[in-house]
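Data block below; observations after.
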Amino acid sequence: MTDPYRTLLPAPRHAASAGGSFTFGSVHGDPALVEAVQLLLGPLPVAAGPEGALSVRLGAGGPESYRLQVSPGGAEIVGADLAGVRHAVQTLKQLIGPAAYRAGGRPGGVVPCGEVEDEPALGWRGGMLDVARHFLDKRTLLRYVDLLAMHRMNRLHLHLTDDQGWRIESRKYPEINAVATHRRETMVGRFRTEPTFDGTPHGGYYTLDDLAEVAAYAAQRGITVVPEIDLPGHASALLAAFPELGTGADEVLRGWGISAGVLKPIPAAVKLVCELIDELLTAIDTPYVHLGGDECVTTDWPGDPEVAAHMAAIGAEQPGELHGWFLREVGGHLAERGKRMVVWDEAFQTGGVLPDTIVMCWRGDAISRQAAAAGHDVVRAPVYPTYLDYDQSDLPEEPLSIGGPITLEDSASFAPLPESWTDQERAKVLGGQFQAWSEYIPHERHLDYMVFPRACAIAEAVWYGAPADYPSLVERLREGHLARLDAAGCAYRPLEGPLPWQAGGTGRRAHAPGNRTTKERWLEWVARLPDSGVVAKATTHES
Ligand code: ACM
C-alpha cells in the first residue's frame, strides 16, 4: 500500500511517515476543540487524558497552521487556531483513508504513524457554484461544503442570482419567489451554433432558513459562505418581478450569453437591492457580499427617461459612470453593516469600487495586476485555468461544454501570485478560487464530473500560492486521493477520460468544439479589453 503521508492533497509543507500505526477511538482536550473534532470525525467518546487518545490543543503558529503527530501510543493535533485544528482533522482523515469518508462506520480509525506540519500561503481558498443557471438543491451545497473542507478550502462562493433565475427567498417581496425563481424552459443545444430549447420548466430557490442552514454548516467546517447577488447586469430574473426597474428584459431568461436585461441605476433600484441584501444578511452570517458588476450592458440606459434624468441629477456624462455609482451606493450600504463588497473586475474598471472593495479578477492577469497595483485586495479567478465549466480535454467523448479545453495540467499550472508582479502587488492577493458556471451543468453528478479532480489542483495551488507539481499531483491522485473521492461519493472525471455514462454521446450533449470559447479566442478578447466605459454588449441567443 502506498504511504498515505505521500498522497496527501493538498500536499502539506512537511509530511513524514514513521512506521507503525495508532488505533484511536476517543478524543481529549479543551471542550470547544473536542467538539470541533467530533463534528468532523463523528461522536468519539471523550477520554480522561491524552494517553491512547487523539488529543487536541492550541499552540503557536501562523493563521490556519497546524501540527499533527501520530505515534503508537497516541496522536496529537496542535492548531494555531480553530481553522488549523480543522485542517489537521482533514489531514488525519486522509491518512485514515477511504473508510474515513464512508457513512455509518464507527468514529475513529487506524492512522499510520508520522508527522505533518502545515500552513497555507493564502487566506482565501475557494470554489464558486453557479446555482442560478441550474438550481442545485440544498443537500448538494452541504455536500460541496464537505468536499471543499476535505481540500482545506475555506470559501464557498454562491452565485445566487442571474438572468436565468433568482435563488433567494424574499419574505418582503413574495413576487420574487413566485416569478423570478423559475423559467419556462432551458436552452439545451449548442448555444453558439444550434440553440434549441427543452420545453421543460426549471427552477427552485433557497428559503432564508435553507441559506442559514448552509452557512451554519459551512461555518462549523471552517468555510465562509460568500453570497453573490449579481447586478446591475444579469438582472433578467429580478426584472421579471420588477419590470419597471429595468431595461431589456421581459421574462426569466431561457438561454445563455450576455443579456440586455439590466437594472436601471436609479435610487428606487438601489433601495430594492439594499432591502434584499438586508434580508439575505438575516440568513447568512458573512463578512463579504459579492455584488457582481460583470457584463453589464449599458447601451439602453441613455435612452431611458428615468435613467437619463438620474444621470443629469448626479452629473454623469457616460453610462459607465452610473454602473460605478450603483455599485458604490450598495457598497456604502454594506459598509454601514460592517460588510465588505466583492465585485467582478469590470466594476474596478468602471470605478464602481470603494477603497476596501475586494476585486475578483476573472479576465486575466493584466486586470488583476492593475487592481492590486491600485491597492485593492484581489481574489484571483482567471478563466484560464480556474473556469471548471470548460472541457477537460479534446477527447471526442467529452460532453458539451461552454469553452476549453482546460486540462488538469492547466489547472495545476494556476499561479495565484505571478512572479512578474512586484512584492507589493503580490501582497494584495487574498487568494483564489475555481468557478463552476452551470449553463452546461444541469445536475449534481455532472457538477462532480466537471469540478473534480481539477478542483484538487486549484486547492493545492491556492494552499501553496504557487502552481501544483503536476506529476506529483497525478501520482497522489492515482495512489490515494481518487479512492478517497470515491468513498466520499464524488463522481469525478477519471484521469483517462469520461466513463461511458459520463460521455457526451451523439445527441444534444455531444462534444462540440465549435460551441466553445477557445483559449486563443479568449486571450485575443482579453487583450482588446477597453480601459473603461461600456462593460459589455449583449450576445444572448434567445430564439
Ligand atoms: C464572469 O465570468 N462573467 C464573471
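Only the coordinates and a few stated rules stand behind these numbers; no lab work does. Only a predicted model underlies this, so the values are computations on that prediction, with no experimental measurement involved. Glycine also receives a Cβ, built like all others from the backbone with ideal geometry; neighbour counts cover every protein chain displayed.
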Next item on the list: Fewest Cβ neighbours within 10 Å first, please rank W362, W525, W166 accordingly.
Entry: W525, W362, W166
Notebook entry, point to check: If contacts are Cα pairs under 8 angstrom and at least 6 residues apart, what is the relative contact order of region 373-463 in percent?
Noted result: 39
Checklist line | For the chain, size of Cβ-based charge dipole, Lys and Arg +1, Asp and Glu -1, in debye | finding: 1000
Check: Hey, got the dipole for region 320-447? About the Cα centre, +1 on K and R Cβ, -1 on D and E Cβ, debye to the nearest 20?
Finding: 620
Notebook entry, point to check: Principal axis lengths of the chain from Cα atoms, whole Å, largest first?
Noted result: 77, 54, 47
Notebook entry, point to check: What is the fewest-to-most order of R167, R340, R521 by other Cβ atoms lying within 10 Å of their Cβ?
Noted result: R521, R340, R167
Check: Counting each DSSP H run of 4 or more residues in the chain as -39500 (n - 2.57), what helix-only mean residue ellipticity at 222 nm follows after dividing by all residues, to the nearest 500 deg cm²/dmol?
Finding: -9000 deg cm²/dmol
Margin query: Please list, in order along region 254-269, the HN-Hα scalar couplings obtained from phi with the Karplus expression 6.51 cos²θ - 1.76 cosθ + 1.60 (θ = phi - 60°), rounded to whole Hz, x for Gly and Pro.
Written below: 9, x, 9, x, 8, 9, 7, x, 10, 6, 6, x, 10, x, 5, 6
Note to self: For a test of the definition: using alpha carbon positions, the gyration tensor, and the 1.5 limit on a/c, classify region 380-529 as rounded, prolate or oblate.
What the structure shows: oblate
Check: Percent of alpha carbon pairs in region 449-538 separated by more than 24 Å?
Finding: 46
Item checked: Values of log10 I(q)/I(0), in the order q = 0.21 Å⁻¹, for region 247-334 under a Debye, Cα-only, solvent-free model -> -1.10
Next item on the list: Could you grab the relative contact order for the chain? Cα pairs under 8 Å, six or more apart, rounded to a whole percent.
Entry: 15
Note to self: Can you compute the label reach from T2? Point 7 Å from Cα along the Cβ direction, backbone N cut-off under 19 Å, restricted to region 132-155.
What the structure shows: 150-152
Margin query: Test of understanding: what is the full-extension gain from R521 to E479, defined as 0.36 nm times their sequence separation minus their Cα-Cα distance?
Written below: 11.5 nm
Check: What is the set of long-range amide H partners of D118 at a cut-off below 5 Å, with H atoms built 1.01 Å from backbone N?
Finding: Y66
Next item on the list: Using only Cα atoms, find the angle between the long axis of helix 138-150 and the longest principal axis of the chain, and express it within 0 to 90 degrees, rounded to the nearest 10.
Entry: 50
Check: To the nearest 20 debye, what charge dipole does region 171-269 have about its Cα centre, counting +1 at the Cβ of each Lys and Arg and -1 at the Cβ of each Asp and Glu?
Finding: 140
Note to self: Testing the spin-label approximation: label points 7 Å from Cα along Cα→Cβ at R171 and A487. State their distance in nm.
What the structure shows: 4.2
Check: How would you rank T282, T247, T357, going from fewest to most other Cβ atoms within 10 Å of each one's own Cβ?
Finding: T282, T247, T357
Item checked: Long-range HN-HN contacts of H157 with modeled amide H, under 5 Å -> G127, M128, L129, V226
Checklist line | Residues of region 467-501 with amide N under 19 Å of the 7 Å Cα→Cβ point at E409 | finding: 467-479, 493-498
Margin query: Through the Karplus equation 6.51 cos²θ - 1.76 cosθ + 1.60, θ set to phi - 60°, convert the phi angles of region 27-39 into ³J(HN,Hα) values in whole Hz; use x for Gly and Pro.
Written below: 9, 9, x, 4, x, 5, 6, 4, 4, 5, 5, 4, 4
Notebook entry, point to check: In nm, what is the difference between 0.36 nm times the number of residues separating E275 and E244 and their Cα-Cα distance?
Noted result: 9.5 nm
Note to self: Taking amide H atoms as placed 1.01 Å from N in the peptide plane, list the residues 5 or more away in sequence, or in a different chain, whose amide H sits under 5 Å from that of G246.
What the structure shows: K264
Next item on the list: Would you mind getting me the FRET efficiency between Q318 and T196? Use the beta-carbon distance for r and R0 = 30 Å, nearest 0.05.
Entry: 0.20
Next item on the list: Could you let me know the centre-to-centre spacing of region 274-302 and region 423-455, using Cα atoms, in angstrom?
Entry: 21
Margin query: Full-extension gain between A374 and A212, please, as 0.36 nm times their residue separation minus the C-alpha to C-alpha distance.
Written below: 54.8 nm
Note to self: Relative contact order of region 431-541, please, whole-number percent, based on alpha carbon pairs below 8 angstrom and at least 6 residues apart.
What the structure shows: 24
Checklist line | Which of S21, G465, G222, positive extreme of dipole for the chain (C-beta unit charges) | finding: S21
Check: Hey, what do the phi angles of region 341-346 turn into as Karplus ³J(HN,Hα) couplings, whole Hz, using 6.51/-1.76/1.60 and θ = phi - 60°, x for Gly and Pro?
Finding: 7, 10, 9, 6, 5, 4
Next item on the list: Quick one: divide the alpha-carbon radius of gyration of region 57-158 by 2.2 N^0.38 Å and tell me what you get.
Entry: 1.22
